[in-house]
Structures are given as structure tokens and as C-alpha cells.
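Have a look at the structure below before the remarks.
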Amino acid sequence: MAATDLERFSNEEKRNLSLGGHVGFDSLPDQLVSKSVAQGFSFNILCVGETGIGKSTLMNTLFNTTFETEEASHYEPAVRLRPRTYDLQESNVHLKLTIVDAVGFGDQINKDESYRPIVDYIDTQFENYLQEELKIRRSLFNYHDTRIHVCLYFITPTGHSLKSLDLVAMKKLDSKVNIIPIIAKADTISKSELHKFKIKIMSELVSNGVQIYQFPTDDEAVAEINSVMNAHLPFAVVGSIEEVKVGNKMVRARQYPWGVVQVENESHCDFVKLREMLIRVNMEDLREQTHTRHYELYRRCKLEEMGFKDTDPDSQPFSLQETYETKRKEFLCELQRKEEEMRQMFVNKVKETESELKEKERELHEKFEHLKRIHQEEKRKVEEKRRELEEEMNAFNRRKVAVETLQSQSLQATSQQPLKKDKDKKKVSKMNFCKPAIVGR
Ligand code: GTP
Ligand code: MG
């Protein structure tokens with residue numbers, strides 16, 4: 001089809017035609033309903049409030065069951081998010097319910113960063129969803145959507161005003177999640193005080209620019225009830241897992257020495273209003289708002305951060321291909337720059353190591369030469385000593401030979417001595433015979 005034909009076709013007015021008989025596409029909503037029912041639903045609630053404010057009790061009361069819970073201690077070093085998922089069924093509707101507790105909220109001495117783990121948790125769920133959406137093979141149909149659909153913010157029933165921690169936390173969360181503020185343990189505050197407290201809370205939220213979730217009034221079917229309920233915010237609730245006999249009926253209530261507070265009695269607290277608004281009337285709107293408002297904002301910021309835009313500077317539609325190419329080029333340039341940087345670093349390192357090694361080699365060589373000199377000197381000395389010793393040995397040997405010769409000569413001389421003595425004796429006797437004896441004179 002030529003471009004001009006296409007334009008004409010899209011600019012053409014749509015004409016209303018009447019059908020000759022029943023075709024069947026009026027069953028489309030029913031098809032949608034049965035498909036959704038078969039698929040099941042997921043709903044994720046985040047409970048933020050100080051330790052022991054009644055979060056778990058309210059969840060049990062809201063869903064009329066007992067979820068597994070454990071009491072948090074007051075000594076958590078930081079706020080920690082604890083998600084728990086349950087499969088619930090009512091009639092033929094399956095609900096995958098996740099309750100996320102902000103454990104240790106408000107228990108730290110320094111509460112400056114108390115909101116951060118909560119914000120990070122919400123962002124992580126958005127990020128997981130975005131990653132699934134960006135996959136080539138996505139399976140969003142059976143993806144377990146963990147994005148937080150509503151944050152029940154439990155306000156302590158002080159009767160005074162909101163704490164700065166509440167204001168800061170709600171302000172940080174309001175662009176990321178649907179916040180429904182509730183006054184917890186509303187049975188601990190008197191009726192007139194509660195009335196003033198509600199007004200004070202709302203005026204503080206408005207003056208600090210905190211956007212809480214407003215029940216939608218654009219759908220005629222629920223517009224009236226929702227606008228009435230908006231005026232009742234924040235809901236003052238009471239939770240209980242106890243059943244007390246009132247009249248001849250067992251009801252969820254809290255029993256005190258002075259009377260019974262019935263959870264589902266609208267003149268006692270706003271529990272029923274909360275249940276109506278949260279579960280029976282606006283659950284789908286909360287899910288939708290999460291997707292179309294909060295997730296959309298996250299997705300937009302994230303994609304813009306990644307360099308994607310809808311229009312280029314000349315207001316021309318920005319093509320995904322172009323954005324991808326630009327980003328790819330940027331990435332490659334950056335990669336090359338990093339590679340060059342690393343190569344240069346490596347070369348420098350090698351040079352440094354080389355010169356260090358050369359220096360070490362030179363030192364070793366010097367050491368070796370020095371040792372060699374010492375060794376030669378010692379060798380020379382030893383050689384000299386050896387020569388001296390040899391000379392001494394020769395002299396000694398010569399003396400030894402001389403002594404031995406002398407000894408042998410003297411030995412010879414001693415062995416010839418008696419013979420001579422005999423000769424001498426004979427000589428003497430001969431002389432004595434010849435010579436006249438001069439005896440007795
Ligand atoms: P952690 O999970 O430990 O932070 O506590 P939590 O906020 O889940 O509070 P939990 O529901 O365990 O309740 C703590 C105490 O408060 C229990 O003794 C409850 O019976 C009591 N409690 C809960 N809801 C109410 C309420 O509406 N009014 C009053 N007066 N007490 C309540
Ligand atoms: Mg709890």
C-alpha cells in the first residue's frame with residue numbers, strides 16, 4: 001500500500017454499521033473474565049509500621065485466616081524486608097498474595113536511612129519486571145509479579161501528629177507505591193481525639209506534599225462510595241484474632257474489662273471500610289495504578305537513563321534501532337578507551353617491573369662480584385698457607401732425615417765401641433808388661 005493511501009485510510013472517519021444478527025463478540029468480556037480467572041491473580045501488600053503496631057494481626061483479620069508470623073525484635077540493626085507468599089482461594093478465584101513486612105522499622109537510634117531498604121525493595125521488584133519485559137523470550141503470562149500494589153502505612157495512635165520518620169518515609173515512597181495510611185490500634189484513642197488526629201494527619205500530609213492513594217472516582221459504579229471513603233482517610237483500624245460472643249453470634253473483637261471492641265462494627269472502627277476499599281472495590285485499581293503509574297515512571301526513568309528517548313532533538317520519532325546503534329557506538333568507544341587505558345597501565349606496569357628487575361639484577365651481579373673477590377682473596381690466602389705448610393713440612397722432613405742419619409750413625413758408633421775397648425785393654429796390658437811396676441815405693 002502506498003504511503004498516501006495509508007494516510008487517507010488512517011484519516012478516514014470510522015462508520016457505524018448495524019449487524020444483521022447476533023455475531024458473538026459480545027462474549028469478549030466473559031472470555032476475558034474466564035481467562036483471568038483461569039490464570040489467577042497476584043496481589044502484593046507492603047506493611048510499614050513500627051514493631052508491634054499490629055501489622056500481622058490486621059493481615060490475619062483482613063483475610064480471615066492465620067498467616068505464619070513471628071514477632072520481630074526491637075534490636076534489628078537495620079530495616080529488613082520480609083516477603084511471604086500464600087496461595088488463597090475464594091470460590092473459583094485463586095489469589096497469590098504476598099505480604100511484605102518492613103521488619104525493624106523505627107527501631108534504630110539513627111532513623112535517617114530507615115526508608116531506603118523499603119525504596120530499594122520496591123525498585124528491585126520493578127527492575128525484575130522490566131528485565132522480564134526486555135527479554136527476547138518473555139514469559140509475562142506466567143511471571144510471578146512481585147511489584148508492590150499497596151503500602152499500608154501504620155500510624156501510631158499518639159493523638160498528636162505524624163512523626164518526622166512517617167513524613168520522610170511516606171514522601172520517599174509516594175511516587176513508587178500506592179500508600180494507604182491507617183491509624184493502628186484505634187481502640188486506644190478516644191473518639192474525639194481520633195477525629196482531631198485524622199484531621200491533623202491529613203493536613204500534615206498535604207502541607208508536606210505527600211501523595212497518598214485516592215480511591216478512583218472516574219468509574220460511575222464506584223465513584224460515590226470511593227469519594228465518601230476518600231473523606232474517611234486515614235482509616236482508624238482495630239485488628240483481632242480473638243472471637244468474642246456478642247448477642248448470640250461469635251465476632252472478631254477485642255475484649256476489655258469495660259467492654260468489647262468489635263472489629264467489624266463500623267461505629268467502633270474503620271476496619272470494614274478498609275476491607276471494602278482495599279479488597280472488594282479497589283484491588284484491581286491498585287494493581288492497575290501500580291502498572292500504569294508507578295511502574296511506568298520507573299520504566300521511563302530507567303530507559304531514559306539507558307539513553308532511550310521517544311523523540312530526538314528535532315522532535316522526530318526516535319527509532320529504537322538508532323538509539324541502539326548510538327548506545328552501541330558509545331559503548332564501543334568507552335570500551336576502547338578503557339582497553340587503551342588498561343593497555344597503557346599494563347605497559348607502564350611492565351616497564352616499572354622491568355626496571356625493578358634490572359636494578360635487582362645489577363645488585364645481584366655486584367653482590368656476586370663482591371663475593372667472588374672475597375672468595376679469590378681467601379683462596380689466595382689458603383694457597384699461601386698451604387705453601388708455607390708444605391715448606392715447613394719439607395724442612396721438618398729434612399730435619400727428620402738428618403736426625404735419623406745422625407741416630408743411625410751414632411748407633412753404628414755404639415755397636416763398634418766394645419771392640420775398640422778390647423783393643424785398648426790389650427794395648428794397656430801390653431804397656432803394663434813392659435813398664436816396671438812402681439809399687440811400694
Ligand atoms: P511485629 O511483626 O513484631 O513488628 O509486630 P506486628 O506489627 O505484626 O504486631 P502484632 O500483630 O504481632 O501485634 C502486636 C500486639 O498488638 C499483639 O499483642 C496484638 O494483640 C496487639 N494488637 C494488634 N492489633 C491491635 C489493635 O488493633 N488494638 C490493640 N489494642 N492491640 C492490638
Ligand atoms: Mg508481625
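A short reminder: the numbers here are calculations on the coordinates, not readings from a lab. Bear in mind that the values here come from a model prediction, so they are computed numbers and not experimental data. Quick reminder, even Gly has a Cβ in these numbers, built from the backbone with ideal geometry, and neighbours come from all protein chains shown.
Along its three principal directions, the equivalent ellipsoid of the chain from the Cα gyration tensor extends over semi-axes of 113, 40, 22 Å, largest first. The charge dipole of the chain, taken about its Cα centre with unit charges on the Cβ of Lys, Arg, Asp and Glu (plus for the first two, minus for the last two), comes to roughly 6160 debye.
At 20 °C and 1.002 mPa s, what whole-number value in µm²/s does Stokes-Einstein give for the translational diffusion of region 31-75, with Rh from the Kirkwood sum over Cα pairs?
163 µm²/s
Comparing Ile109, Thr66, Leu286 along the charge dipole axis of the chain, the residue lying farthest to the positive side is Ile109, per the Cβ-charge model. Computed from the Cβ-Cβ distance with R0 of 60 Å, the FRET efficiency linking Met202 to Ser18 stands at 0.70. Label separation (Val260 vs Lys379): 11.4 nm, computed from points 7 Å beyond Cα along the C-beta direction. Per-residue extension of 0.36 nm, minus the Cα-Cα distance of Val246 and Gln412, leaves a gain of 44.4 nm for this segment. Its alpha carbons considered, region 188-231 gives a radius of gyration followed by a Dmax of 13.2, 37 Å. Among 160-173, 219-232, sorting by the average number of other beta carbon atoms lying within 10 angstrom of each residue, highest first, gives 160-173, 219-232. Directionally averaged projected area (region 150-229, Cα convex hull): 5.8 nm². The equivalent ellipsoid of region 191-324 has semi-axes of 45, 17, 14 Å, largest first, where each one is the square root of 5 times an eigenvalue of the Cα gyration tensor.
Relative protection proxy for 13-23, 30-40, 256-266, from highest mean packing down: 256-266, 30-40, 13-23 (other beta-carbon atoms within 10 angstrom). Rounded to the nearest 0.05, what FRET efficiency is calculated for Asp87 and Glu288 with R0 set to 30 Å and r the Cβ-Cβ distance? Step by step, r from the Cβ atoms, then E = 0.85.
Label separation (Glu325 vs Asp26): 5.3 nm, computed from points 7 Å beyond Cα along the C-beta direction.
The Rg/Rh ratio of region 251-357, with both radii computed over alpha carbons and Rh defined as the Kirkwood radius, is 1.48. Here the contact order of the chain, divided by its residue count and restricted to Cα pairs under 8 Å and six or more residues apart, works out to 11 percent. Counting only DSSP beta bridges with both residues in the chain, the antiparallel share comes to about 55 percent.
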